[in-house]
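Q: Structure provided below as C-alpha cells; questions to follow.
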Amino acid sequence: MRGPLFYSKILLFGEYGIIKDSKGLSIPYNFYNGALKIDEFHTVSTQKSNANLKRYVAYLEMLQSKKPEVVHFDLDRLKADVENGLYFDSSIPQGYGVGSSGALVAAIYDKYASDKITILENLTREKLLVLKAIFAEMESFFHGKSSGLDPLNSYLSLPILINSKQHMIKF
C-alpha cells in the first residue's frame, strides 16, 4: 500500500525570515518526494521511519488534546497503521532544508485528518491561513517552531508567495 506522493520544496528567498513575518517564495520540487507506505518486510530503514512515526503519533495525540480547535485526527486508524508497519518512504534528503518534514506532515494530514481542508475545494485566503496554522503546529514537532509553509507547499503542490504571515498568494 502506497499513498499519494508529496514533494520537497525549494525556498527561493525568505529562509527562516518567514517566521519573522518577512517575504518568501516557495515552489514544489518534484525531483524529491515521499509517500506513506506499509512495509511487510520490515527493513532497517523502514523500522527507523516507523519508530519515528510512533513518536510523532504521541505528539499528535498531545496536540489534539491540548489544542482541539487546531485539528482532529483519526488517531485509532493512524496508530493501527503504525503498528502494521506504516513508514514514510522518501527520497527527500533530511537536514538540508528541502522540506522532508513538510512532506511527511502533508502526508499525515492528507490521510488522517478529520474534516480536512482539501486541495479540491475553493481555497480562500482564510482557508490557506487555517491550513498554514495547522501545518505550523504539526511541523513544530520536528523544528520546535515552524511557519507551516513547507507542509503547505507540499500539500498544495503549488508555488506560494508569502508577503507576510497574513498574506499569501498561491499560483
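The values are calculated or read from the model by the stated rules, or taken from the named source; none is laboratory data. The structure displayed is predicted, hence computed values, not measured ones. Here the Cβ is made from the backbone with ideal geometry for all residues, glycine too, and neighbour counts use every protein chain on show. What goes into the accessible areas is simple: the full protein's heavy atoms, side chains included, and nothing from ligands, DNA or RNA. Shrake-Rupley method; radii C 1.70, N 1.55, O 1.52, S 1.80 Å.
Q: Among the residues of segment 23-48, which ones are over 17 Å from ALA103 (Cβ atoms), of a type outside the set (Val, Ile, Thr) and part of a strand (DSSP E or B)?
A: Within segment 23-48, GLY24, LEU25 qualify.
Q: Run SER90 past the list (1) within 11 Å of the chain's Cα centre (by Cα); (2) modelled with pLDDT of 90 or more and report the number of the one that doesn't hold.
A: Result: SER90 passes all but (1).
Q: Still on this structure, please answer the following. Within segment 54-91, can you find the residues that are within 23 Å of ALA133 (Cα to Cα) and of a type in the set (A, V, I, L, M)?
A: Those that are within 23 Å of ALA133 (Cα to Cα) and of a type in the set (A, V, I, L, M): VAL57, ALA58, LEU60, MET62, LEU63, VAL70, VAL71, LEU75, LEU78.
Q: Just name the residue that is surrounded by the fewest Cβ atoms within 10 Å (Cβ to Cβ) out of those in segment 69-79 that are among the charged types (D, E, K, R) and in a loop (DSSP other than H, G, I, E, B).
A: Filtering first and then ranking leaves GLU69.
Q: Next up: If you take the residues in segment 41-57 that are open to solvent by less than 100 Å² (accessible area, probe 1.4 Å) and β-branched (Val, Ile, Thr), which one is farthest from ALA106 (Cα to Cα)?
A: Ranking the qualifying residues of segment 41-57, first place goes to THR43.
Q: All but one of (1) modelled with pLDDT of 95 or more; (2) assigned to a strand (DSSP E or B); (3) open to solvent by 70 Å² or more (accessible area, probe 1.4 Å); (4) of a type in the set (A, V, I, L, M, F, W, C) hold for LEU12, so report the exception by its number.
A: (1)
Q: Please list, ordered by first then second residue, the pairs with beta carbon atoms under 8 Å, 6 or more apart or interchain, first in segment 122-146 and over 19 Å from GLU61 (Cα atoms) and touching a residue at least 24 places away in the same chain (Cβ under 8 Å), second open to solvent by less than 60 Å² (accessible area, probe 1.4 Å) and hydroxyl-bearing (Ser, Thr, Tyr).
A: LYS132/SER147
Q: Test PHE6 against the criterion of being free of Cβ contacts under 8 Å to residues at least 60 places away in the same chain, open to solvent by 10 Å² or more (accessible area, probe 1.4 Å) and within 14 Å of the chain's Cα centre (by Cα), and give yes or no.
A: Numbers: free of Cβ contacts under 8 Å to residues at least 60 places away in the same chain: no; open to solvent by 10 Å² or more (accessible area, probe 1.4 Å): yes; within 14 Å of the chain's Cα centre (by Cα): yes.
No.
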